[in-house]
Amino acid sequence: MTSIYDLVGGAPAFERLALALHERCVADPVLNHAFDRDDLSPDHLPRLAAYLSEACGGPALYTRDFGGESAMQHVHAGNGPEDAFYVNFLGCFEGALDDADFPAEVHDTLRSYMDDALVRMRAYGPIGSVVPADLPLPHVAWP
């Protein structure tokens, strides 16, 4: 069985996806403030690409190098963005799949995964949220 990671072309495909997603978020008026900042981590794109790669069956580089799901949730915890943030992010993600030339056959699966990921992230959105230290990084169910 081929993973989505292998199907789309591995790490280069996820680097394209991370860049396309970032560019769409910078262009979005609701998301811009979170993505077009001087203090955005310089390794934001490699982190995003590694996270999505790992979730889609690629090597566990995000877990190894960046701390896994708990670390990702911790970075975003307490931001409490409004519903429009999540809705617009999902729309940007869907557009980025096209921009990065991901095959249509994986779009619904990846959209569903990202929708679930945003639900998980929203759970830690309230200010003062505590993220457990041992959250597993969820993987895309494929096929």
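Read the figures in this text as sums done on the coordinates, not as results from a lab. Bear in mind that the values here come from a model prediction, so they are computed numbers and not experimental data. Counting neighbours? That spans all protein chains shown, and the Cβs are built from the backbone with ideal geometry, glycine included.
With respect to the conditions (1) touching a Pro at 6+ places or on another chain (Cβ under 9 Å); (2) within 22 Å of Val87 (Cβ to Cβ), Leu48 lacks only one, and its number is (1).
Would you confirm, using the coordinates I've provided, whether Phe89 is farther than 19 Å from Ala11 by Cα and either touching a residue at least 60 places away in the same chain (Cβ under 8 Å) or in a helix (DSSP H, G or I) (or both)? Yes; evaluated as a whole, the condition is true for this residue.
Please work out if Ala71 is among the small types (Gly, Ala, Ser), part of a helix (DSSP H, G or I) and free of Cβ contacts under 8 Å to residues at least 24 places away in the same chain.
Yes; evaluated as a whole, the condition is true for this residue.
If the condition is being in a helix (DSSP H, G or I) and aromatic (Phe, Trp, Tyr), then the range 92-127 contributes Phe93, Tyr113. Residues that are touching a residue at least 40 places away in the same chain (Cβ under 8 Å), assigned to a helix (DSSP H, G or I), within 14 Å of Leu110 (Cβ to Cβ) and in contact with a helix residue (DSSP H, G or I) (Cβ under 6 Å, 6 or more places away or on another chain) within the range 18-58 comprise Ala20, Leu21, Tyr51, Ser53, Glu54, listed in sequence order.
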